[in-house]
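Asker: To start, I am sharing the structure in question, which I have written as structure tokens.
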Amino acid sequence: MLVVVGSITTATRLARLIEKNIKSPVSVVHTPSYINKGGCSYSVRFKGQYEQRIRGVVSDYNVPVKGFYYEDGRHVGNAVP
């Protein structure tokens, strides 16, 4: 899964928060073109089993996100479940 954010700084910050709070490996990637609606954006890639916990980190730390997506581009929702 992917959580899409607006900048490399936000993506890096979120990745660190996830690794610290959930102990799950993640990676920062350019948002795939079939998801990106224009402009520059980055995503944090993670295993889907951690979605709810990652949503909690996003909420707890007020990380601005554009949305959560499956790897095939289907929109899963925004930050708050």
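Values quoted throughout were computed directly from the atomic coordinates according to the rules given, and no laboratory measurement underlies them. What you are looking at is a predicted structure, and each value in this text was computed from that prediction instead of being measured. With ideal geometry, Cβ positions are generated from the backbone for all residues, glycine too; neighbour counts draw on all protein chains shown.
Asker: Would you mention how many residues in segment 11-40 are under 11 Å from VAL65 (Cβ atoms) and surrounded by fewer than 18 Cβ atoms within 10 Å (Cβ to Cβ)?
Answerer: Residues of segment 11-40 under 11 Å from VAL65 (Cβ atoms): 11, 14.
Narrowing the set further to residues that are surrounded by fewer than 18 Cβ atoms within 10 Å (Cβ to Cβ) leaves none.
Within segment 11-40, residues that are under 11 Å from VAL65 (Cβ atoms) and surrounded by fewer than 18 Cβ atoms within 10 Å (Cβ to Cβ) number 0.
Asker: Can you give me the number of residues within segment 19-63 that are over 10 Å from the mean Cα position of the chain (by Cα), within 12 Å of VAL3 (Cβ to Cβ), β-branched (Val, Ile, Thr) and assigned to a helix (DSSP H, G or I)?
Answerer: 1
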